[in-house]
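This report refers to the structure that appears directly beneath it.
The values are calculated or read from the model by the stated rules, or taken from the named source; none is laboratory data. Keep in mind it's a predicted model, so treat the numbers as computed, not measured. For neighbour counting, all protein chains shown are included, and Cβ atoms are generated from backbone atoms with ideal geometry for every residue, glycine included. SASA here: full protein model, heavy atoms, side chains in, ligands and nucleic acids out. Shrake-Rupley method; radii C 1.70, N 1.55, O 1.52, S 1.80 Å.
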Amino acid sequence: MTIARRRFLAAGAAFALTPRMAVAGEGSRLTFRGSMEQGGLVVGLVVPGAKVSVNDLPGLVSPAGIFAFGLAYDCAAPVHVVAKFADGSSESSEVTALARQYQVQNITGVAEHFVSPSPEEIERMQREHALVVEARKHETDGVGFAEPFDWPFPGILTSEYGSQRVINGKPMGPHLGVDVAAPEGTPIRAPADGVVTIADDFFLEGGFTQLDHGHGVSSCCLHQSERKVAAGAKVARGDVIGLVGKTGRATGPHMHWGLAWFQVKLDPSRATRTPLPPAA
Ligand SMILES: [Zn+2]
């Protein structure tokens, strides 16, 4: 049995050149594509028939040998990936996320009940949060995540992933998604093929739609004025799934766009094939 060990330490210069299409381990039986920064969605490829574990947990591998894992916003320890091949040999790699600097963002003018909710509203938020957590537990066999994502619409990036939020003077948790502003009613398109797991109106999130892209990878759109797809529907990349609004905790029309690998919230702006197209 042969065991090959490799180590990928994301190098700032190399990834600055091609942040979205970085490839590590080319030519080997275990390769990675995607952003290897904190918040990155990493798409792995092994020879078909191999079994893969990520930090000792077995992961789903598609018949074509595709798998996924995510690098958390504060991920500091190397992620250990082991591939065991049909011939009995194995290969292991360590992926160390490139550390990022996050900004502090002050936001004022948010309706006070969103900042200091009532006990009933807290209960509602917890109930809705539990639905999202539950939907993110599933590992399905779709491979919509395997190709880089498309932006759901052109717009203006108003809040980056990882920003430390201070809302109406009150420190909140990090902002683990991106906010894209566009006129109310702008169509929101599915960023990749998937299945709708949640389409509902939530307290904080407003008009909320979550898509399952397979292998634990999901994306969600918040604050929609209208939802155009229902839970259980299959969507193709580019299908209109809703309209931009300002429902829930929002100070103006925008979409909060989230990406996750199971419960690990990732940066969708690092999983797209292009930078955000400007608003028309
Ligand atoms: Zn947001």
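Things to note:
- Test: residue in region 110-121 that is at pLDDT below 95, touching a Gly at 6+ places or on another chain (Cβ under 9 Å) and of a type in the set (S, T, N, Q): no
- When the criteria are applied in full, Val104 meets the requirement of being under 30 Å from Pro278 (Cβ atoms) and open to solvent by 40 Å² or more (accessible area, probe 1.4 Å).
- Top-ranked residue in region 181-200 [being touching a Gly at 6+ places or on another chain (Cβ under 6 Å) and part of a strand (DSSP E or B); ranked as nearest to the ligand (Cβ to nearest atom)]: Ala181
- Scanning region 201-217 for residues that are more than 14 Å from Gly242 (Cα to Cα) and more than 16 Å from the ligand (Cβ to nearest atom) gives Asp212, His213, Gly214, His215, Gly216, Val217.
- Within region 79-101, the set of residues being within 29 Å of Gly173 (Cβ to Cβ) and either touching a Leu at 6+ places or on another chain (Cβ under 8 Å) or open to solvent by 60 Å² or more (accessible area, probe 1.4 Å) (or both) comprises Val79, Val81, Val95, Thr96, Ala97, Ala99, Gln101.
- The residues on offer are Thr251, Thr272, and the sole one that is modelled with pLDDT under 95 and either hydroxyl-bearing (Ser, Thr, Tyr) or under 19 Å from the mean Cα position of the chain (by Cα) (or both) is Thr251.
- Qualifying residue in region 5-14 (condition: open to solvent by 80 Å² or more (accessible area, probe 1.4 Å) and at pLDDT 50 or above): yes
- Region 49-90: number of residues that are farther than 21 Å from Phe262 by Cα and in a loop (DSSP other than H, G, I, E, B): 8
- Qualifying residue in region 134-155 (condition: at pLDDT below 95 and either among the aromatic types (Phe, Trp, Tyr) or within 15 Å of the ligand (Cβ to nearest atom) (or both)): no
- Conditions (1) more than 30 Å from Pro58 (Cα to Cα); (2) touching a Pro at 6+ places or on another chain (Cβ under 7 Å); number of the one not met by Phe149: (1)
- Any strands (runs of 3 or more DSSP E) falling wholly within region 232-278 and containing at least 1 residues that are touching a helix residue (DSSP H, G or I) at 6+ places or on another chain (Cβ under 6 Å) and under 22 Å from Gly162 (Cβ atoms): 254-261
- Looking only at region 163-213, and only at residues there that are acidic (Asp, Glu) and closer than 26 Å to Gly232 by Cβ, the one that is surrounded by the fewest Cβ atoms within 10 Å (Cβ to Cβ): Asp201
- Here Trp261 clears all of (1) within 16 Å of the ligand (Cβ to nearest atom); (2) within 24 Å of Val143 (Cβ to Cβ); (3) among the aromatic types (Phe, Trp, Tyr) except the condition numbered (1).
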